[in-house]
Amino acid sequence: MSRIAYVNGRYVPLREAEVSIQDRGFQFGDGVYEVCEIRDRQIIDEDRHLARLARSLGALRIVWPVEEAALRRILREVVALNRVRDGLIYLQITRGVARRDFAFPAEAPKASLVVTAKGTNPAINAAHAAAGVKVITVAETRWAHPHIKSLQLLPSVLAKQAAREAGAFEAWFVDADGFVTEGASSNAWIVTADGAIVTRHADETILRGVTRTTLLDAVRGQGLCFEERPFTPSEAYGAKEAFNSSATTIAMPVVEIDGRPIGDGAPGPLVKALRAAFHTLAQRS
Ligand code: PLP
């Protein structure tokens with residue numbers, strides 16, 4: 001018997017179940033999910049799972065794709081269509097399909113809803129329970145690998161949305177020690193009062209931007225003074241210049257941080273020079 005999935009209003013064979021590549025779940029991890037146990041064809045702790053789902057959706061400001069009562073009916077239908085006696089039901093809701101842009105789409109798309117169910121063998125679980133299981137400990141690293149250009153982008157989505165709501169172009173993350181790490185989708189730079197160009201050293205706390213690397217070539221090539229080290233927001237507030245770098249924005253002058261004008265509040269000469277130098281150095285292929 002082929003398994004059946006519910007996808008955005010339709011019950012379809014699992015192998016035909018598809019969502020758009022523009023779905024924000026696929027692009028950004030911008031969505032939430034729940035898994036409930038099915039036991040004797042019944043959903044276990046459904047109310048609590050739906051209450052947590054409501055909290056997760058509320059936290060991300062995703063509008064329910066269907067009324068809760070309709071979702072309960074869909075869950076039952078998927079269990080029945082897949083003839084699951086014991087197993088699990090998986091549901092996923094994403095912010096929906098939109099042109100790729102980190103911040104929430106200006107007009108909220110309809111949220112995407114996918115539900116699947118599968119049977120499991122209770123004897124396997126019971127055997128594990130009878131013997132007991134082993135665990136190991138690992139460092140808490142969820143998500144502590146900004147140096148990997150991962151699709152796990154939800155924190156960046158929320159930061160970009162905060163920036164947009166504040167009328168800003170970008171958000172700079174500040175770490176637990178009070179230092180700027182980088183932008184939500186860019187590297188962060190300042191020029192100090194004595195003219196040193198500063199950007200955080202590229203370790204595991206930032207993404208090593210390709211644009212950053214090429215701009216550092218330009219900095220070296222022009223014999224400019226630079227330091228790869230962390231800086232705080234307050235050092236940035238007092239900087240002569242600030243800028244972001246990324247493949248899509250090159251070196252983008254920053255004229256205001258947290259409402260404070262940087263330098264004289266206009267793009268500075270160093271960032272303008274680096275922006276102009278960039279394409280003379282960057283590889284073309
Ligand atoms: N840092 C983050 C978190 C990014 O997402 C990006 C680009 O998307 C960058 C830095 C800049 O990287 P690149 O210059 O390679 O575009």
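Before moving on, here are some points about what is shown:
- Here T280, T249, T232, T214 are placed in order of increasing Cβ neighbour count within 10 Å, fewest first, which gives T280, T232, T249, T214.
- Within a Gaussian network of the chain (alpha carbon springs, distance under 10 Å), most fluctuating of A162, A139, A98: A139
- Listed residue pairs exceeding 32 Å between alpha carbons, taken from K110/K272; K134/K160; K110/K134; K149/K240: K110/K272; K134/K160; K110/K134
- Placing +1 on the Cβ of every Lys and Arg and -1 on the Cβ of every Asp and Glu, with no other charges, gives region 1-56 a dipole of roughly 60 debye about its Cα centre.
- Restricting the trypsin sites (Lys or Arg not before Pro) of region 131-180 to loop positions (DSSP other than H, G, I, E, B) with no more than 15 neighbouring Cβ atoms within 10 Å leaves K134, R142, K149.
- For the chain, built as a Gaussian network whose Cα springs stay under 10 Å, the top-fluctuating residue of A108, A127, A273: A127
- Relative to the Cα centre, the charge distribution of region 94-189, modelled as +1 at Lys and Arg Cβ and -1 at Asp and Glu Cβ, gives a dipole magnitude of about 540 debye.
- The simple spin-label model puts a point 7 Å past each Cα toward its Cβ; for H279 and D194 those points are separated by 3.6 nm.
- Selection of GluC sites (Glu not before Pro), region 1-86, meeting DSSP coil and at most 12 other Cβ within 10 Å: E18, E67
- Cα gyration tensor, region 216-285 - rounded (a/c under 1.5), prolate or oblate: prolate
- Neighbour-limited loop hits for trypsin sites (Lys or Arg not before Pro), region 46-111 (at most 11 other Cβ within 10 Å; DSSP other than H, G, I, E, B): R61, R99, R100
- The sum of -39500 (n - 2.57) across all DSSP H runs of n ≥ 4, divided by the residue count of the chain, sets its helix-only mean residue ellipticity at 222 nm to -9000 deg cm²/dmol.
- Available extension along the chain between R72 and D40 is 9.8 nm, counting 0.36 nm per residue and deducting the alpha carbon span.
- Prolate is the label for the chain, because the ratio a/c of its alpha-carbon gyration tensor axes (a ≥ b ≥ c) is 1.5 or higher and a/b is greater than b/c.
- Summed side-chain charge close to G96 - residues other than G96 whose Cβ falls under 15 Å, Lys, Arg +1, Asp, Glu -1: +1
- The local environment of A282, defined by Cβ-Cβ distances under 15 Å, has a net charge of +3 under the rule Lys, Arg +1 and Asp, Glu -1.
- Segment A127-E228, extension gain: residue separation times 0.36 nm, minus the distance between their alpha carbons: 30.9 nm
Computed from the coordinates by the stated procedures, all read-outs in this text should not be read as laboratory data. Note that this is a predicted model, so its numbers are computed, not measured. Glycine gets a Cβ as well: all are built from the backbone with ideal geometry, and neighbour counts include every protein chain shown.
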